[in-house]
1. Just the residues that are without any contact (Cβ under 8 Å) to a residue 40 or more places away in the chain and at positive phi, please, taken from the range 7-25.
2. Against the condition farther than 15 Å from residue 68 by Cα and surrounded by 12 or more Cβ atoms within 10 Å (Cβ to Cβ), how does residue 26 come out, does it pass?
3. Listed residues 24, 74; which is basic (Lys, Arg) and at pLDDT 90 or above?
4. Which of the residues belonging to the range 24-77 are over 10 Å from the mean Cα position of the chain (by Cα) and among the charged types (D, E, K, R)?
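The values are calculated or read from the model by the stated rules, or taken from the named source; none is laboratory data. Just so we're clear, the structure is a prediction, and the values are computed from it rather than from any experiment. Note: ideal-geometry Cβ built from the backbone for every residue, glycine included; neighbour counts use all protein chains shown.
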Amino acid sequence: MARKDKVPRGYIPILIGRGEDKEKILVHMEHLQQPCFLELLDLAMQEFGYDQKGILHIPCTTKVFHSIIDTIRKPKS
């Protein structure tokens, strides 16, 4: 069985959203270590537990998720 989407090296696919409003995005693995991203992972653990099957699902709005990623990407001054 062939995979439809090839994930670039250093990235992880994540499904974000609730209900019908879901979006699949690729997140660089460096972002997973940021404190604000760890809070999102904790939120996912609280809702789904540690044994999610398949793609990692984070239950927050896409707007909140993109805001967090933008904050992570901004250079620190």
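1. 10, 19
2. no
3. Selected residue: 24, the only one of 24, 74 that is basic (Lys, Arg) and at pLDDT 90 or above.
4. 30, 39, 42, 47, 51, 53, 63, 70, 73, 74, 76
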